[in-house]
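Heads up, the thing below is written out as structure tokens.
The values are calculated or read from the model by the stated rules, or taken from the named source; none is laboratory data. Computed from a prediction, not measured in an experiment: that's the story for all the values here. Neighbour counts are summed over all protein chains in view; Cβ atoms, including those assigned to glycine, are modelled from backbone coordinates with ideal geometry. The accessibility values were calculated without ligands, DNA or RNA, using every heavy atom of the protein model including side chains. Shrake-Rupley method; radii C 1.70, N 1.55, O 1.52, S 1.80 Å.
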Amino acid sequence: MCRTGGVPEPTGGEASTDAAFTALLEDSADDLYESAPCGYLSTMMDGTIAKINNTLLDWLGLDREAVAGRKRFADLLTIGGKLYHETHFAPLLRMQGELRGIALDMRRQEGGPLPVLVSAVIKHGSEGEPLLIRITVFDASDRRSYEKELLRRREEAERARAAAERASAEAERARAEADEARRQAEADRARLADALSVLQRSLVPDSLPAVPGLESAVHYHTAAPDQLGGDFYDLFPVAGDRWAFFLGDVCGKGPEAASLTSLTRYTLRAAAHHDPEPASALTTLNAVLHERYTGDGNPRYCTCIFGIIEPGGGDGPTTVRLASGGHPPALVLRSDGRAEFLPTPGGLLIGVVPGAPIGTAETALAPGDTVVLYTDGLTEARTGPGRDDLYGEDALHAFATDQAPASPHEVITALTGLLESFGDGLDDDTALLALGVPAPSSLMDPATSHTS
């Protein structure tokens, strides 16, 4: 006779072994959940953590009382993880109902970020209504170390192969041919870069128009000269003495991204002339992108922040109204030396779902105040000795505080220097746009600057 699973029944002296085996099978479901070799947690649909197991609490160095009912899942993530959660993870989970094997970094109380692989599924009720989210978390530290080791070994193998080739006459001939091919490839790449540069300039304004009573400045950094970037911006007049402006980032790169960028810019311009309210313009763009790209099974989307600025004239304040779809918040440098984010919470990626919510905000600019828009290439620049950390919004806020007060040109110049300091840690396109009210001490006419 055998136990279930093919284990032979004990005989005679095997009684003690059988007792131990039976004891193992009597583990409670609660113990299996709490002591599982992976993290488990369940959240409400708004992300509030309802249940979490001991394994994940131990990994993060947290107490259950400080987490359950008090924190959301996004609160357990690093800054970069939060941004990815809000702009990608959460929207895709709501659309698909489940996600598997998503790489994120979680915050530990000690020891730095914890790389993990996350799977999530939405539990539905009997009538199909979403009830809660179940999430499984696997420690990916060893996997990341293994990938780095594979990369190191491959680089060593490539160096050894190059040395062996140089040791023979045949390698000399092959290297000469390779040099010629490389020169040809570089020439082709240069011609391609020139063509792409011309096309790239057609996707963004050559320069910004002069706005009475305001100063403006812009900077565009292209991460790869042989690829079309996906960031975009614009500034143009609308009804009355109001001016519309926007800045955003489309998904992907290359020709498809260029097509999406072109459609986005001209749709926003047309929408603004029809109805210059920021939320209305982004709602129109969302409807256009969703209708254009979801039907062929290849959804395309973008993040975007759209604003209307109305110079006060005389002694009146300059007002700014903003709407955002999944884009990082605007940053305002005040004339009194403060810097503050102007959050637009709740905005969803543009083009993902019909009727996507649009986050809105409004502020007034006094003389000497400057508002800055930026794409996530800035906050997601990799820093640190190993390029493992993201620059993040906290560091950007501290940097802006050190610059305030500053004119648009001064802010863009400082941020351009910051981007250059990242070196190879800046691996994404980055667009910067600043608008401000000249300080009373300025005797110059409203100025516009443009760098790329």
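Numbers at a glance
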quantity: Helix-derived mean residue ellipticity, 222 nm - over the chain, DSSP H n ≥ 4, -39500 (n - 2.57), to 500; calculated: -12000 deg cm²/dmol
quantity: Area of Met44 that stays accessible when all protein chains are in place (1.4 Å probe, Å², to 10); calculated: 90
quantity: Charge-dipole axis of the chain as Lys and Arg at +1 and Asp and Glu at -1 on Cβ define it, positive-most pick from Ala271, Ala157, Gly392; calculated: Ala271
quantity: Gain on full stretching of the segment that runs from Asp75 to Asp296 - 0.36 nm per residue minus C-alpha separation; calculated: 76.0 nm
quantity: Pairs of lysines in the chain (C-alpha under 21 Å apart; 8 or more residues apart or interchain); calculated: 5
quantity: 3J(HN,Hα) from dihedral phi, segment 153-159, Karplus parametrisation 6.51/-1.76/1.60, rounded to Hz, x for glycine, proline; calculated: 5, 5, 5, 5, 5, 5, 5
quantity: Tensor-based shape of segment 276-341 (alpha-carbon gyration tensor, a/c under 1.5 rounded, otherwise prolate or oblate); calculated: oblate
quantity: Carbon + sulfur, % of accessible area of the chain - ligands and nucleic acids excluded, 1.4 Å; calculated: 53
quantity: P(r) weight above 25 Å for segment 233-358, C-alpha pairs, percent; calculated: 26
quantity: Two-site FRET efficiency, Ala160 against Glu180, from Cβ-Cβ distance with R₀ of 25 Å, rounded to 0.05; calculated: 0.55
